[in-house]
1. Give me the extension gain from Glu167 to Ala187: residue separation times 0.36 nm, minus the current Cα-Cα distance, reported in nm with one decimal.
2. Considering only DSSP states other than H, G, I, E and B, which GluC sites (Glu not before Pro) in region 135-225 qualify as loop sites with at most 14 other Cβ atoms within 10 Å?
3. Under Stokes-Einstein, with the Kirkwood radius over Cα pairs standing in for Rh, what whole-number D in µm²/s applies to region 153-223 at 25 °C and 0.890 mPa s?
4. Loop-only check: which chymotrypsin sites (Phe, Trp or Tyr not before Pro) in region 121-192 are DSSP coil with at most 16 other Cβ within 10 angstrom?
5. Using 0.36 nm per residue, how much length does the chain from Arg34 to Ala208 gain when fully extended, once their Cα-Cα distance is taken away?
6. Would you mind calculating the relative contact order of region 151-210 from Cα pairs under 8 angstrom and at least 6 residues apart, reporting the percent as a whole number?
7. Of all GluC sites (Glu not before Pro) in region 73-137, which ones are in loop regions per DSSP and have a Cβ with at most 15 other Cβ atoms within 10 Å?
8. How big, in percent, is the set of alpha carbon pairs in region 33-86 lying more than 19 Å apart?
Amino acid sequence: MTLFNKFATLSFAAAMVVSNAALAQDDPLVLPDRSEVEAGETFVAEIYRDWQIRCIRAETDEAPDRCEMFQLLEEENGNPVAEFRVGAELFSPDEAVASATILTPLDTLLSPGLQMQIDDAEAVVLPYAFCRPIGCFVQISLTEENVALFQNGADALVVLFALTRDEFGQIGGIPVPTQASLRGFTAAYEDLLERRTEIVAFIEAQEAAAAAAEGEEGGEEGAEEATE
């Protein structure tokens, strides 16, 4: 069984639910009080073993926060080299139930792609979708089967290639292996799905309220026309 049976390019906004400094080393180790976080700011809502649930506080207390799973990937010397994010799809027309995004530094050699292998499963090569000033992005659409592989795994070997240039200007790449721990993945993903349910319910309630208000407005206009 291969790791991913299909890929999909996701929109930047959908993939990056939570925006913050790329490859930051000052990630909070203590859960902050949500009430002390300003609207629009990122905070860590929960920690499940090696995964964080990171959220952006909503503009109002009535609206649910938008959240994603997050893990900072480090190389053997402890230096951060990539960010691994997972977000639940709100409304998906196909089999995708979640999306994964891996962010690497700008000085990454893109042509070999990003290699990923879960435990002893077959390794796959993931293509880069695009680069921005904060780094380069690999985006993956995940089916239920793909998510199950992460849930049942222990570790995922992730290998990116650091861009190099020799004295003659020839470009090459040095493999930089890192491990993505899958401990806590299942609990974090279940938390994410619960938050997704709240967001979908909120959106549907907002749409229903808007439709009702529009219907009332149309009724009032019709009554005025009748009296004229």
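1. Details: separation 20, 0.36 × 20 = 7.20 nm, distance 4.90 nm.
Contour length minus the Cα-Cα distance gives 2.3 nm.
2. Glu167
3. The diffusion coefficient I find is 138 µm²/s.
4. Sparse-neighbourhood loop chymotrypsin sites (Phe, Trp or Tyr not before Pro): Phe168.
5. 59.8 nm
6. Rounded, it is 31 percent for region 151-210.
7. When the GluC sites (Glu not before Pro) of region 73-137 are filtered for loop state and at most 15 Cβ neighbours within 10 Å, Glu75, Glu76, Glu95, Glu122 remain.
8. 37 percent
Computed from the coordinates by the stated procedures, all read-outs in this text should not be read as laboratory data. Since the structure is predicted, the reported quantities are computational estimates derived from the model, not experimental observations. Every residue, glycine among them, receives a Cβ derived from its backbone with ideal geometry; neighbour counts consider all protein chains shown.
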